[in-house]
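Notes follow the structure.
The values are calculated or read from the model by the stated rules, or taken from the named source; none is laboratory data. Owing to the predicted nature of the structure, the values given are computational and were not obtained by experimental measurement. Counting neighbours? That spans all protein chains shown, and the Cβs are built from the backbone with ideal geometry, glycine included.
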Amino acid sequence: MTSSPPITGLVLGSGSARGWGHIGAIRALQEHSISPRIICGCSIGALVGASLACHRLDELEHWARHLSTRDIIRLLDFSLHGGGVIQGDRLLESFCLYVNDVLIEQLDTGYGAIATNLDNGHECWLQNGSLLDAVRASIALPGLFSPFRYQDQWLVDGGLVNPLPVSMCRAMGADIVIAINLNNGLVGNHVRAKGRETRLALALQESEFLQKIAAGVAERAKTILPSARSPERIPGIMEVMTGAIDIMQDRITRSCLITDPPDILVSPRLAHMGLLEFDRAEEGIEEGYQSVLAAIRQGDFRSIL
């Protein structure tokens, strides 16, 4: 009597723009015929995982690789209302183009996304119902994107409670869990590249959108990137917020890895990428790809290869 092959699960962690690294990691896994039967994601990991689960990853990758800095500025909906400095509607609309409007139960792989209940702080496992709604709830980063109303609850980014949901993946039946951690080494690695600073600041200043909105909101929007200020100035609200989120998720991820370690852990080196630098897909994808290949060469995948 032959035994059934082990069920492989893939966990895609939070990390906002660093999440493009997940695409490269998945490509390397596919090249080695590693196909997860269960996919669990948090925040950007929930988005990429959903795109993979509904066979739209090629389209998402093509779109990501062609994003420019000005595209990102146009997609970020700066607002003083709606529960977020950035309401995220335009960015969400773009993301939704690469996730099918289907029920999670209709997917041919197991899928789960992590979100946080804003009222009580509880971890929410989204394993059924609308795939799009699950993604929208999981990526609702506090202060940046508006909370999402889901089944009579206000939900926000799952990275507040479980940035790397290994526990969820095991609970869904995975025998071997591969986890892609994007929050490695974030603290102390907010590197500013002066060339990018100049380019990003220029894009913000020239943005047609920013020229049309009120001066107060424009100033708030300019603080979204470190490039908006000189090193001597006090960090702006968005810089403080994104830096604090990085520190928080770095610490929570470390705790999660102690309590729920995966069988295989891959940690792409993407700490230098800002949370909202979605225009850096090329380097993010490449680093994710190379990180998995390095882990394979080191023998980390010997249990499934």
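Summary of computed values
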{"quantity": "Qualifying position, being assigned to a strand (DSSP E or B) and in contact with a strand residue (DSSP E or B) (Cβ under 8 Å, 6 or more places away or on another chain), among L141, L164, L155", "calculated": "L155"}
{"quantity": "Answer from L131, L155, L141, L118 - the residue that is closer than 24 Å to D58 by Cα and hydrophobic (A, V, I, L, M, F, W, C)", "calculated": "L131"}
{"quantity": "Residue pairs meeting the criteria (Cβ under 8 Å; at least 6 apart or on separate chains; first under 17 Å from A53 (Cα atoms), in region 12-23; second part of a helix (DSSP H, G or I) and among the basic types (K, R))", "calculated": "W20/R280"}
{"quantity": "Residue pairs meeting the criteria (Cβ under 6 Å; at least 6 apart or on separate chains; first over 12 Å from R37 (Cβ atoms), in region 164-179; second at pLDDT below 95 and polar (S, T, N, Q))", "calculated": "L164/T253"}
{"quantity": "Qualifying residue in region 168-179 (condition: surrounded by 14 or more Cβ atoms within 10 Å (Cβ to Cβ) and either under 25 Å from F278 (Cβ atoms) or modelled with pLDDT under 95 (or both))", "calculated": "yes"}
{"quantity": "Residue that is farthest from R18 (Cα to Cα) [pool: residues in region 287-305 that are surrounded by fewer than 19 Cβ atoms within 10 Å (Cβ to Cβ) and among the polar types (S, T, N, Q)]", "calculated": "S303"}
